[in-house]
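What follows is a set of notes on a single structure, which appears directly below.
The values are calculated or read from the model by the stated rules, or taken from the named source; none is laboratory data. Computed from a predicted model, the values in this text were never measured in an experiment. Methodologically, a virtual Cβ is constructed for each residue, glycine included, from the backbone with ideal geometry; neighbour enumeration extends over all protein chains shown.
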Amino acid sequence: MGEAIGQMLPSAVGVAISPFPIVAVVLMLATARGRVNGLAFLVGWWVGLGAIGAVTLAVSGGASGGSSGAKPHWVGVVELVLGALLLLVGVKEWRGRPRSPEEAAMPKWMGALDSFSPAKAVGAGFVLGALNPKNLLLAVAGAVSIAQAGISTGQEIVAWVIFIVIASLGVAAPVVVYFGMGDRSKHILESMKTWLAGNNAVIMAVLVAVIGVKLIGDAITILSA
């Protein structure tokens, strides 16, 4: 299982430091329903990542290649496609990066966070965790890495739970700070939001490009075997 964890770790870290979900949590914590909505967002986030893992691991059931040790060529094709898509996302993020922090634009839907009910906060967590294109690609890549490690179903589940824990560190950190520091957390969270919003594109461009190149390299190894 150690190999599976090592292979999925870059993708899990990528999801963890995805800036916009963290910004969304910070904005929710600043509302009147901050305590409830912050926790509700985390629940939706966990459910979303759990769903990605369940579907991907089920579909990728034979990825390890059995006793021969050789991974099926379709695994290489999947990794090649994922890697190429991540590179395209990286290029798009880099080309669209703001030239200064003041130019960073927040998604319009974030302006409606003040009126979110706990149910909507759960939905936002699910969408940003499972349906956000960048997170979806990274999470699927992580699940495929686990699937091809040749471990038992129980170990795959444990590895994916570890993935979720690591991938949740970014969105959980503001909630922990908020509950641990109360009103004193406002300045810290505001500074975090400003910095992440201004550097979102650069962070994601570099991150997904690196993971994309890794996946393409792994795919070439599998397809040339």
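Overview of values
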| read-out | value |
| --- | --- |
| Boolean, residue 136 is surrounded by 15 or more Cβ atoms within 10 Å (Cβ to Cβ) and over 19 Å from the mean Cα position of the chain (by Cα) | no |
| Any chance residue 177 is more than 28 Å from residue 1 (Cβ to Cβ) and in a helix (DSSP H, G or I) | yes |
| Count of residues meeting criterion [more than 10 Å from residue 97 (Cβ to Cβ) and at pLDDT 75 or above] in the range 197-206 | 1 |
| Residue under evaluation residue 127, criteria (1) closer than 16 Å to residue 80 by Cα; (2) surrounded by fewer than 24 Cβ atoms within 10 Å (Cβ to Cβ), criterion not met | (1) |
| Verdict on residue 156 being charged (D, E, K, R) and within 19 Å of residue 50 (Cβ to Cβ) | yes |
| Members of the range 19-64 found to be farther than 18 Å from residue 156 by Cβ, modelled with pLDDT under 85 and of a type in the set (S, T, N, Q), listed by number | 31 |
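Condition check ((1) of a type in the set (A, V, I, L, M); (2) within 27 Å of residue 61 (Cβ to Cβ); (3) touching a residue at least 40 places away in the same chain (Cβ under 8 Å)) across all residues:
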site	(1), (2), (3)
137	yes, yes, yes
149	yes, yes, yes
169	yes, no, yes
177	yes, no, no
222	yes, yes, yes
